[in-house]
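Accompanying notes for the structure given below.
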Amino acid sequence: MDIISIVSGIAIGLILGGGVIFFLVKKTIEKGNKSIIDEAKAEAKVIKERKVIEAKEKFLQLKSDHEKDVNNRNQKINQAEQRVKHKETKLNSKLGEINKAEKASQELSGKLEKQIKHNQSKQVELEKSLGTAVSRLESIAGLSADDAKKELLEVLEGDTKNNAARLMQDIIEDAKINANKEAQRIVIQSIQRTATEHAIENSVSVFNIDSDDVKGRIIGREGRNIRAIEAATGVEIVVDDTPEAIILSCFDPVRREIARLSLHQLVTDGRIHPARIEDVVKKTTKHIEEEIVEVGRRTAIDLGIHNLHPQLIKMVGRMKYRSSYGQNLLQHSREVANLCATMAAELGLNAKLAKRAGLLHDIGKVPEDEPEVPHAILGMKLAEKYNEHPEVINAIGAHHDEIEMTSLLSPIVQVCDAISGARPGARREVVESYIQRLKDLEELALNHEGVTKAYAIQAGRELRVLVESEKVDDKMAGEISFGISQKIQAEMTYPGQVRVTVIRETRAVNIAK
């Protein structure tokens, strides 16, 4: 066999083999696809049946829920119908009652009309009878009815006036007898019930030191330390020959206290130089301000006074560093507040309001700027500014008679202020200087032409001047009063106000023989 035959045979064999293989592979693939399709159809059928079942179940569930909703709505509708029927029944019953009431009222109105007509006829008959009787009485008495009434009223009026006058006189006499006793009882009881110290702590303006060597350290080189202290505190430091003492001079008691505490801390620490002085004064000032607020707040709490304005609380705290004639102003105000509360309670007045007025009556003495107006007027303006009660405002302004008293609390505050200041040991004042001031007031008035006598009263707060009526007329009396007041302002130093009252008395005397 040649090579071509062999190759041809092999090619034919390969072609025949490939065809057989292709045929066999095709048959195998067709059988596999058929089995896959059958399986898919079976699975789809199962899924379809399951979905149909689920849809039926869901339909049944929705149907059941719908039936429940319908039943609930029907039940609510039935309940509403029952309520409507019940209300309708009530309305029908009320309507029946109203109809019955209308019928009864109509019957009653008919009866009333008949009764009114009957009464009117009776009244006409009575008026006729009364007229006949009056005419008979007038003919018998010889007087008309009006004249008789007039005479009777005049007699009754005279008797009533006499009885009223006697009763008024008896009441006045009884009041005079009992008023003083009752007033004394209330004042004494108020004083007894208010516990207080016999001597009040005075303000301090002297700084004590252990030895005179400290004075040199306070003065410093070429006086730089003392100048720094005076510049930082606003207080004049007086270092003289007084042993173991330095005088602190300042019109403001708070500044004086800041200077005293600063000096104490500097001397205790030992480091005294301008930078240290400024630092200590700043810390002391802050501490004093905080202490002032705390003292005011604690005072208000102790006295049971609430809703005080923060500025008023601060002013109450500043009273601790202020004195009046040597009497500590805060202790004085606390004492006046307690006295006012006790006295107001005895008189049946508002004790809390009286205590508030007593505490605040001297706040005009502690303003930071201290304007040239009486402290009572200034305190009244401050209380009015911070919305205090009108009775409290009037009591503050009137406790030295600067304004008219319009409340019952005002005289109570005035009396309690006098009680607190007049206690033995409460205030210290040089008697000689006090007497000399009164004499100066009287002599100043006596120097005016036409003045016969002059009396200083009310502790020097009022000057009463008597003039000759023959030489001084009413116009000149006013001029004398004005001139004396201006001269007092220009030449004298005095606390508060001085009222000048000029009295011109005219007497007409005749003798019957």
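The values are calculated or read from the model by the stated rules, or taken from the named source; none is laboratory data. Here the structure is a predicted model, which is why all the values come from computation and not from measurement. Ideal geometry is used to build each Cβ from the backbone, glycine not excepted, and the neighbour counts take in all protein chains shown. Keep in mind that these areas ignore ligands, DNA and RNA; they rest on the heavy atoms of the full protein, side chains included. Shrake-Rupley method; radii C 1.70, N 1.55, O 1.52, S 1.80 Å.
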Is it true that residue 298 is part of a helix (DSSP H, G or I) and open to solvent by 70 Å² or more (accessible area, probe 1.4 Å)?
-> yes
Since residue 502 meets every condition but one in (1) at pLDDT 85 or above; (2) touching a Ser or Thr at 6+ places or on another chain (Cβ under 7 Å); (3) within 30 Å of residue 323 (Cβ to Cβ), which condition does it not meet?
-> (3)
Which one of the conditions (1) at pLDDT below 80; (2) buried (at least 20 other Cβ atoms within 10 Å of the Cβ); (3) assigned to a helix (DSSP H, G or I) does residue 268 fail to meet, given that it meets all the rest?
-> (2)
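Out of 228, 259, report the one residue that is closer than 26 Å to residue 365 by Cα and not β-branched (Val, Ile, Thr).
Numbers: 228 fails: closer than 26 Å to residue 365 by Cα.
Going through 228, 259 in turn, just one is closer than 26 Å to residue 365 by Cα and not β-branched (Val, Ile, Thr): 259.
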Regarding residue 457, is this residue β-branched (Val, Ile, Thr), modelled with pLDDT under 85, under 28 Å from residue 377 (Cα atoms) and open to solvent by less than 70 Å² (accessible area, probe 1.4 Å)?
-> yes
So residue 200 fits all but one of (1) modelled with pLDDT of 75 or more; (2) out of contact with any Ser or Thr (no Cβ under 7 Å at 6 or more places or on another chain); (3) within 24 Å of residue 323 (Cα to Cα); what number is the exception?
-> (1)
Taking the range 438-454, which residues are of a type in the set (Val, Ile, Thr) and either at positive phi or open to solvent by 50 Å² or more (accessible area, probe 1.4 Å) (or both)?
-> 452
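With respect to residue 318, is the statement that it is touching a helix residue (DSSP H, G or I) at 6+ places or on another chain (Cβ under 6 Å) and of a type outside the set (Gly, Ala, Ser) true? Steps first, please.
Values: touching a helix residue (DSSP H, G or I) at 6+ places or on another chain (Cβ under 6 Å): yes; of a type outside the set (Gly, Ala, Ser): yes.
So residue 318 fits the description; yes.
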Would you check which residues across the range 310-326 are surrounded by fewer than 22 Cβ atoms within 10 Å (Cβ to Cβ) and among the polar types (S, T, N, Q) and list them?
-> 311, 324
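Checking the conditions here, which among 224, 185 is at pLDDT 65 or above, in a helix (DSSP H, G or I) and open to solvent by 60 Å² or more (accessible area, probe 1.4 Å)?
Numbers: 185 fails: at pLDDT 65 or above.
Sole residue among the options that is at pLDDT 65 or above, in a helix (DSSP H, G or I) and open to solvent by 60 Å² or more (accessible area, probe 1.4 Å): 224.
Condition check: on the phi < 0 side of the Ramachandran plot and either more than 60 Å from the chain's Cα centre (by Cα) or among the small types (Gly, Ala, Ser) (or both). Does residue 83 satisfy that?
Details: on the phi < 0 side of the Ramachandran plot: yes; either more than 60 Å from the chain's Cα centre (by Cα) or among the small types (Gly, Ala, Ser) (or both): no.
Judged against the criteria, residue 83 is not a match.
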Looking only at the range 338-363, and only at residues there that are among the aliphatic types (A, V, I, L, M) and touching a residue at least 60 places away in the same chain (Cβ under 8 Å), the one that is most open to solvent (accessible area, probe 1.4 Å) = 347
Any chance you could count how many residues in the range 143-160 are basic (Lys, Arg) and at pLDDT 75 or above?
-> 0
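I'd like to know if the range 451-463 contains one or more residues that are charged (D, E, K, R) and part of a helix (DSSP H, G or I).
Restricting attention to the range 451-463, the residues satisfying the condition of being charged (D, E, K, R) are 453, 461-462.
So of that shortlist, the ones also part of a helix (DSSP H, G or I) come out as none.
No, the conditions are met nowhere in the range 451-463.
Which of the residues spanning the range 390-400 are free of Cβ contacts under 8 Å to residues at least 24 places away in the same chain and open to solvent by 40 Å² or more (accessible area, probe 1.4 Å)?
Passing the criteria: only 390.
Out of all the residues in the range 342-352, is one or more in contact with a helix residue (DSSP H, G or I) (Cβ under 6 Å, 6 or more places away or on another chain) and closer than 23 Å to residue 294 by Cβ?
No, the conditions are met nowhere in the range 342-352.
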